[in-house]
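The values are calculated or read from the model by the stated rules, or taken from the named source; none is laboratory data. Quick caveat: nothing in here was measured; it's all calculated off a predicted structure. All Cβ positions, glycine included, derive from the backbone under ideal geometry; neighbour counts span all protein chains shown. Side chains are part of the model used for accessible areas, which takes the heavy atoms of the whole protein and leaves out ligands, DNA and RNA. Shrake-Rupley method; radii C 1.70, N 1.55, O 1.52, S 1.80 Å.
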Amino acid sequence: MSHLEPLDREDLPELEELFAHYDETLSFVPNSLFTLARRPETLRVFSDLITVIWRTGTLPIELKPLVALVSSMAAGCRYCQAHESVDMRERGVPEEKISDVWDFESSPHFDEAERAVLRFARDASVLPNAVGPGHFDDLRRFYDDGQIVEILTVICLFGFLNRWNDTVATELEIDPLRYATAIHEASDWNPGKHA
């Protein structure tokens, strides 16, 4: 059970345009937004930040949700793991890649460029931070500094989202819950406190 009760959508008509955006892009509105809506000005700015991070830059479309998922795995946030699994599905990421993300180091579905990024995401998301100069050397074999900034903004965005949702124990919506449970079945994934 969530530690902060989400507000009801019908009680937030001033935010309907924002919620409709999530209906279009994710096919549902995350429960975390209904909790954050207790401070609408914060929700609006945060939603704008999410949109800028997702929709700008030159990284391949499937890479950002992969970074977000691995970052959330390292942080232990099951809510965000489920959401990013759905986001990857919506962006056309092959199911083999989504289900193998836990084993990106050895899976044949990931190339060396992706492994460098996902290693960076994992190591930047643990406490204490485990990123060193070698991570940047590996990234620069495949990505320019602007793209590295893009990668790091996704990691930092999910630093906020992982802390928010794990602290609040945000309840998972039905689609992400079902999809993550099915796609990550081999890894014994479960929603934990987000059920």
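Can you show me the helix-derived [θ] at 222 nm for the chain, built from DSSP H runs with n ≥ 4 at -39,500 (n - 2.57) apiece and divided by the number of residues, rounded to the nearest 500. Present the calculation step by step, with values, prior to reporting the outcome.
Details: 10 runs with 120 residues, N = 195.
When only DSSP H runs of four or more count, the value is -19000 deg cm²/dmol.
Tally up the carbon and sulfur contribution to the accessible surface of segment 1-110 as a whole percent, 1.4 Å probe, everything protein left in place. Don't skip to the end; give the middle numbers.
Numbers: 2730 of 5280 Å².
Summing carbon and sulfur atoms, their accessible area is 52 percent of the total for segment 1-110.
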In segment 4-76, with Lys and Arg counted as +1 and Asp and Glu as -1 at Cβ, which of these residues, 19, 35, 51, has the Cα nearest the positive end of the dipole, that is, farthest along it?
51
By the DSSP-based rule, helices of the chain that are at least 27 Å long along the axis (C-alpha) and have a mean Kyte score of at least 0.0 are 145-168
Simple spin-label model, 7 Å along Cα-to-Cβ: residue 52 to residue 27 in nm?
3.0
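Would you mind giving the three semi-axes, in whole Å and largest first, of the ellipsoid equivalent to segment 38-121 according to its Cα gyration tensor?
Values: eigenvalues 121, 40, 27 Å².
Working from the Cα gyration tensor, I get semi-axes of 25, 14, 12 Å.
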Using a 1.4 Å probe, how large is the accessible area of residue 64, given in Å² and rounded to the nearest 10?
10
Would you report the distance distribution of C-alpha pairs in segment 12-84 as whole percents per 10 angstrom bin, up to the bin with the largest distance?
17, 46, 33, 4
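What translational D, rounded to a whole number of µm²/s, comes out for the chain from Stokes-Einstein when the hydrodynamic radius is the Kirkwood one over Cα pairs, at 10 °C and 1.306 mPa s? Display every interim value, and only then the final one.
Working: Rh = 17.1 Å.
The calculation lands on 93 µm²/s.
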For segment 53-152, with +1 on Lys and Arg beta carbons and -1 on Asp and Glu, the positive-most of 135, 75, 60 along the dipole:
75
In terms of the Cα gyration tensor, with a ≥ b ≥ c the square roots of its eigenvalues, is segment 81-168 rounded because a/c is under 1.5, prolate because a/b exceeds b/c, or oblate?
oblate
Enter the Cα centre distance for the pair segment 144-195 and segment 1-57, rounded to the nearest angstrom.
16
Give the cysteines in the chain for which no other Cys Cβ lies under 4.7 Å away, or write none if there are none.
156
